[in-house]
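A.B. asks: I have a structure here, written as structure tokens, and I will follow up with some questions on it.
The values are calculated or read from the model by the stated rules, or taken from the named source; none is laboratory data. Quick caveat: nothing in here was measured; it's all calculated off a predicted structure. FYI the Cβ positions are ideal-geometry reconstructions off the backbone, even for glycines, and counts take in every protein chain you see.
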Amino acid sequence: SAYLQWIRRYVQFHSNRHPRFMGAPHVSAFLSHLAVQRDVAAATQNQAKSAILFLYREVLELELPWLDDVESAKRPQ
């Protein structure tokens with residue numbers, strides 16, 4: 001599934017660190033990387049964010065504070 005692929009990319013981006021030992025700064029760094037270095041579409045970045053939030057909320061049962069320092073991908077004009 002797409003969510004599984006995004007979670008795998010997130011973990012690999014952080015040198016295969018377990019998500020339980022990461023938090024909002026790590027999520028922000030990954031999502032900002034997608035927007036800035038990878039230049040992904042806003043919808044793609046949103047899918048990645050949803051997958052990671054699902055991982056933390058539903059699988060690990062952890063809450064992440066609101067991710068307001070994430071660099072948003074540019075929406076098409």
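A.B. asks: Please specify each residue of segment 1-56 satisfying the condition of being in contact (Cβ under 8 Å) with a residue 24 or more places away in the chain and outside any helix (DSSP H, G or I).
C.D. replies: Listed by number, the residues that qualify are 23, 39, 40, 41.
A.B. asks: A follow-up question, please. Those residues that are hydroxyl-bearing (Ser, Thr, Tyr) and buried (at least 16 other Cβ atoms within 10 Å of the Cβ), I need them from segment 4-58; list them, please.
C.D. replies: 10, 28, 32, 44, 56
Per-residue answers, yes or no, for (1) in contact with a helix residue (DSSP H, G or I) (Cβ under 6 Å, 6 or more places away or on another chain); (2) at pLDDT below 90:
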{"residue": "30", "(1), (2)": "yes, no"}
{"residue": "33", "(1), (2)": "no, no"}
{"residue": "41", "(1), (2)": "no, no"}
{"residue": "48", "(1), (2)": "yes, no"}
{"residue": "57", "(1), (2)": "no, yes"}
{"residue": "63", "(1), (2)": "no, yes"}
{"residue": "68", "(1), (2)": "no, yes"}
